[in-house]
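K.L.:
This structure is in structure tokens; I'll ask about it shortly.
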Amino acid sequence: MIQGRRKDEDVDLILKAVTFAALKHRDQRRKDAEASPYINHPIALADLLWNEGGVRDTAVIAAALLHDTIEDTKTTAAELRQAFGAKVAGIVAEVTDNKQLSKERRKELQVEHAAHISKSAKLVKLADKICNVRDILESPPQDWPIERKRECFDWAKKVIDQLRGTNSRLERLFDRLYKKRS
């Protein structure tokens with residue numbers, strides 16, 4: 001049993017979330033040179049949380065898989081709530097940026113709000129920032145100059161610093177990646 005639920009229900013939730021996310025992100029690509037399928041990103045978050053962070057809360061894993069659906073697709077919070085319940089939908093809502101705001105303001109708000117979100121949302125946010133900086137190190141967008149990469153790393157660190165105390169394994173991983181920045 002994981003988190004007091006039957007194992008079959010846990011597996012069902014995760015498979016349902018990855019299937020939903022794959023459907024919603026099916027036409028999206030990453031910004032890397034290979035234009036990788038976007039679904040690789042949420043799967044990387046879930047994998048990171050489970051295998052490197054030791055996170056066993058399946059609601060957090062499901063939210064990681066769904067974390068960009070409201071922000072980057074036509075998915076609504078109500079749709080997530082109906083399909084996955086209030087807990088998963090709530091975590092996703094906590095990590096969702098308001099796309100009606102400027103990119104600069106959204107980045108500022110992420111730093112301002114990071115310390116005040118739930119522990120579950122903090123785990124998803126940690127994984128998102130780690131996966132993003134890992135991607136920049138391993139397969140950055142072709143047209144990004146070194147300055148843009150540095151800005152991304154420094155902004156991610158500002159967010160991560162507000163999340164400290166959430167998961168020491170993930171925080172140490174971020175710190176190791178941050179030291180590799182150019």
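The values are calculated or read from the model by the stated rules, or taken from the named source; none is laboratory data. Since the model is a prediction, treat every value here as computed from it, not as a measurement. Note that we place each Cβ from the backbone using ideal geometry, even for glycine, and neighbour counts take in every protein chain shown.
K.L.:
So Cys131 passes all but one of these: (1) exposed (fewer than 14 other Cβ atoms within 10 Å of the Cβ); (2) within 18 Å of His41 (Cβ to Cβ). Which condition number does it fail?
P.N.:
So the condition that Cys131 fails would be (1).
K.L.:
Right, here's the next one. If we keep just the residues of the stretch 25-53 that are among the polar types (S, T, N, Q) and in a helix (DSSP H, G or I), which is farthest from Lys119 (Cα to Cα)?
P.N.:
Asn40
K.L.:
Next question. Please go through the stretch 95-120 and give me each residue that is surrounded by fewer than 19 Cβ atoms within 10 Å (Cβ to Cβ) and either assigned to a helix (DSSP H, G or I) or among the acidic types (Asp, Glu) (or both), ordered by number.
P.N.:
If the condition is that a residue be surrounded by fewer than 19 Cβ atoms within 10 Å (Cβ to Cβ) and either assigned to a helix (DSSP H, G or I) or among the acidic types (Asp, Glu) (or both), then Asp97, Lys103, Glu104, Arg105, Arg106, Lys107, Glu108, Leu109, Val111, Glu112, His113, Lys119 are the ones that fit.
K.L.:
Turning to a different aspect of this structure: Answer with yes or no whether Ser120 is among the hydroxyl-bearing types (Ser, Thr, Tyr) and under 26 Å from Asp27 (Cβ atoms).
P.N.:
no
K.L.:
Now for a separate question. Residues in the stretch 145-154: is at least one without any contact (Cβ under 8 Å) to a residue 40 or more places away in the chain and outside any helix (DSSP H, G or I)?
P.N.:
yes
K.L.:
In addition: Out of the residues in the stretch 65-97 that are among the charged types (D, E, K, R) and out of contact with any helix residue (DSSP H, G or I) (no Cβ under 6 Å at 6 or more places or on another chain), which is farthest from Leu109 (Cα to Cα)?
P.N.:
My answer is Glu79.
K.L.:
Could you please tell me which pairs satisfy a Cβ distance under 8 Å, a separation of 6+ or placement on different chains, a first residue in the stretch 102-114 that is farther than 19 Å from Thr166 by Cβ, and a second residue that is exposed (fewer than 12 other Cβ atoms within 10 Å of the Cβ) and of a type in the set (D, E, K, R)?
P.N.:
Arg106/Lys99
K.L.:
So which residues in the stretch 29-39 are surrounded by 15 or more Cβ atoms within 10 Å (Cβ to Cβ) and either at pLDDT 95 or above or under 10 Å from Gln142 (Cβ atoms) (or both), if there are any at all?
P.N.:
Correct list: Lys31, Asp32, Pro37, Tyr38, Ile39.
K.L.:
If I filter the stretch 1-13 down to residues being surrounded by fewer than 18 Cβ atoms within 10 Å (Cβ to Cβ) and among the aliphatic types (A, V, I, L, M), which single residue comes out as modelled with the highest pLDDT? Reasoning before the result, please.
P.N.:
Start the filter on the stretch 1-13 by keeping residues that are surrounded by fewer than 18 Cβ atoms within 10 Å (Cβ to Cβ), which leaves 1-9, 11-12.
Next cut, among the aliphatic types (A, V, I, L, M) only: 1-2, 11.
Values: Met1: 41, Ile2: 47, Val11: 93.
In this case the residue turns out to be Val11.
K.L.:
When you look at Arg181, is it surrounded by fewer than 17 Cβ atoms within 10 Å (Cβ to Cβ) and part of a helix (DSSP H, G or I), yes or no?
P.N.:
Answer is no for this residue.
K.L.:
Of the residues that make up the stretch 165-174, is at least one assigned to a helix (DSSP H, G or I), more than 25 Å from Gly54 (Cβ to Cβ) and free of Cβ contacts under 8 Å to residues at least 12 places away in the same chain?
P.N.:
So far as the stretch 165-174 goes, no, none of its residues is assigned to a helix (DSSP H, G or I), more than 25 Å from Gly54 (Cβ to Cβ) and free of Cβ contacts under 8 Å to residues at least 12 places away in the same chain.
K.L.:
Based on this model, can you work out whether Glu71 counts as assigned to a helix (DSSP H, G or I), surrounded by fewer than 21 Cβ atoms within 10 Å (Cβ to Cβ) and in contact with a Ser or Thr (Cβ under 8 Å, 6 or more places away or on another chain)?
P.N.:
Numbers: assigned to a helix (DSSP H, G or I): yes; surrounded by fewer than 21 Cβ atoms within 10 Å (Cβ to Cβ): yes; in contact with a Ser or Thr (Cβ under 8 Å, 6 or more places away or on another chain): yes.
So Glu71 fits the description; yes.
K.L.:
Still on this structure, please answer the following. Among the residues of the stretch 19-28, write down those that are out of contact with any strand residue (DSSP E or B) (no Cβ under 8 Å at 6 or more places or on another chain) and either of a type in the set (Phe, Trp, Tyr) or surrounded by 18 or more Cβ atoms within 10 Å (Cβ to Cβ) (or both).
P.N.:
Phe20, Ala21, Lys24
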